[in-house]
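S.K.: Pasting a structure here, questions to come.
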Amino acid sequence: MAENRGNSIEIARKYMDSLYVEGRIVGSVHPNTTFHLFEKTFQTPIMTGALSHLNRIHPGGVAEMTRGAALAGACAQIGMGDIAELERSVRMGDGVIKIIKPYKDTDAILSRIEAAEKAGALAVGMDLEHAVNTEDDEDSVVLDQQMELKSLAQISELVQFTHLPFIVKGAMSVQDAIRCRDLGVKGLILSHHNSLLKWAVPPCALLSGIRKAVGNDLILIVDGGIEDGTDAYKALALGADAVSVGRPLMGPLGEKGAEGVQQVLEQMTRGLKGMMVRTGVSDLDHMDPTVIWQTQPIQQKS
């Protein structure tokens, strides 16, 4: 029992389930989920998470996932992998964001950024939350590769190194959002990376404060705990520009490959549209946080 205390996945799930939705069907129209990201147009704001090592699930690996996203008209994120896999994934996808680990070896980071640029990736980013261990403040080791906690100066250098939009994964506060904006970061992925941060405030609970602080200066993507179109709707209504999904794709990817990923993303998008039409939302630019009723509000310490 004690091992599950502070499980941020469970906390986020309980928070999401505490959000009720107000119906506004009178005068509603069939909605449009067209989503624009970094001058690229997608059919849905629901994208894949930055997944890695998927060849143990399907022989096509991460590239097969990005192909499935492309079939659904969705953006894809990818995580760890060699340059050949990166190139194949970008080629098979239709808008791919490469998320890079915070390696201690700067050349390992820069070479991956350069490869992403050359391959035609839509954006690059870094999952800063993976720099340190869960149980202490020591820099982590991921698959025998040493990570490093990055300074503001180091992050700034990476942002300036690439001509692609730079995204930070793991930002979970207004303070982080403001710092990232000031460094030239273009987007945040609100994520505790499967409970690397224990007792984390649910990403959706942070949205309104972050959006108020940065306005439209940053793209906000909610990662983790999005299981269906209703979850996606709640996140978007509260201020997210997009959401990403990971675990719901695993089984279908293994069973049906790209077509399985496509089916999940399309089904979730249909669910999102169903929520939009029942709440009077015509498109993503008209999402309205006032439709959300919270039964168990989280109180911020004053």
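The values are calculated or read from the model by the stated rules, or taken from the named source; none is laboratory data. None of these values were measured; they are calculated from a predicted model. As a convention, Cβ positions derive from the backbone with ideal geometry for all residues, glycine included, and neighbour counts pool all protein chains shown. Only protein heavy atoms, including side chains, enter the accessible area calculation; ligands, DNA and RNA are left aside. Shrake-Rupley method; radii C 1.70, N 1.55, O 1.52, S 1.80 Å.
S.K.: About its Cα centre, how strong a charge dipole does segment 33-162 have in debye, to the nearest 20, once Lys and Arg get +1 and Asp and Glu get -1 at the Cβ?
M.R.: 760
S.K.: Can you match Rg/Rh (Cα atoms, Kirkwood Rh) to one of these, (1) 0.95; (2) 1.11; (3) 1.04, based on a calculation from the structure here?
M.R.: Calculated Rg/Rh (Cα atoms, Kirkwood Rh): the matching label is (1).
S.K.: Here is a follow-up. Can you send over the solvent-accessible area of His36, 1.4 Å probe, protein chains only, in Å² to the nearest 10?
M.R.: Roughly 120 Å² of His36 is accessible to a 1.4 Å probe.
S.K.: Lys pairs in segment 117-252, Cα-Cα under 19 Å, at least 8 apart or on separate chains: how many?
M.R.: 6
S.K.: Indicate the gyration tensor shape class of segment 15-91 (rounded, prolate or oblate), computed on the Cα atoms with a ≥ b ≥ c the square roots of the eigenvalues: a/c under 1.5 is rounded; otherwise a/b larger than b/c is prolate and the rest oblate.
M.R.: Prolate shape, in that a/c is at least 1.5 and a/b is the bigger ratio.
S.K.: When all protein chains stay in place, what accessible area (Å², nearest 10, 1.4 Å probe) is found for Met80?
M.R.: 20
S.K.: Which order do peptides 176-183, 189-196, 143-150, 233-240 fall in by mean Cβ count within 10 Å, highest first?
M.R.: 233-240, 189-196, 176-183, 143-150
S.K.: Just how much of Ser173 is accessible, in Å², when a 1.4 Å probe is used and the result is rounded to the nearest 10?
M.R.: 30
S.K.: Can I ask one more? Below 13 angstrom from the Cβ of Lys150, what's the summed charge of the other residues (Lys, Arg +1; Asp, Glu -1)?
M.R.: -3
S.K.: Something else: Of the trypsin sites (Lys or Arg not before Pro) in segment 1-64, which ones lie in a loop per DSSP and count no more than 15 other C-beta atoms within 10 Å?
M.R.: Arg5, Arg24
S.K.: How large is the charge dipole for segment 164-302, taken about the Cα centre, if only the Cβ atoms of Lys, Arg (+1) and Asp, Glu (-1) carry charge, to the nearest 20 debye?
M.R.: 380
S.K.: Over the chain, average the accessible area per residue using a 1.4 Å probe and give it in Å², no decimals.
M.R.: Each residue of the chain exposes 48 Å² on average to a 1.4 Å probe.
S.K.: Order the peptides 274-282, 198-206 from the highest to the lowest mean number of other Cβ atoms within 10 Å of their residues.
M.R.: 198-206, 274-282
S.K.: Another question, then. When we measure straight from the Cα of Lys101, which aspartates and glutamates land under 16 angstrom away, once same-chain ones fewer than 8 places off are left out?
M.R.: Within the straight-line cut-off, Lys101 pairs with Asp82, Glu85, Glu114, Asp127, Glu129, Glu138, Asp139, Asp144, Glu148, Glu157.
S.K.: At 0.36 nm per residue, and after removing the present C-alpha to C-alpha distance, how many nm does the segment from Ser18 to Asp182 gain when stretched out fully?
M.R.: 55.7 nm
S.K.: At a 1.4 Å probe radius, carbon and sulfur cover how many percent of the accessible area of the chain?
M.R.: Roughly 49 percent of what the probe reaches on the chain is carbon or sulfur.
S.K.: Right, another one. Dipole of the chain, Cα-centred, from +1 at each Lys and Arg C-beta and -1 at each Asp and Glu C-beta, to the nearest 20 debye?
M.R.: 760
S.K.: Among Leu236, Met250, His193, pick out the residue whose Cα is farthest towards the positive end of the charge dipole of the chain, where Lys and Arg carry +1 and Asp and Glu carry -1 on C-beta, about the Cα centre.
M.R.: About the Cα centre, the residue reaching furthest to the positive side is Leu236.
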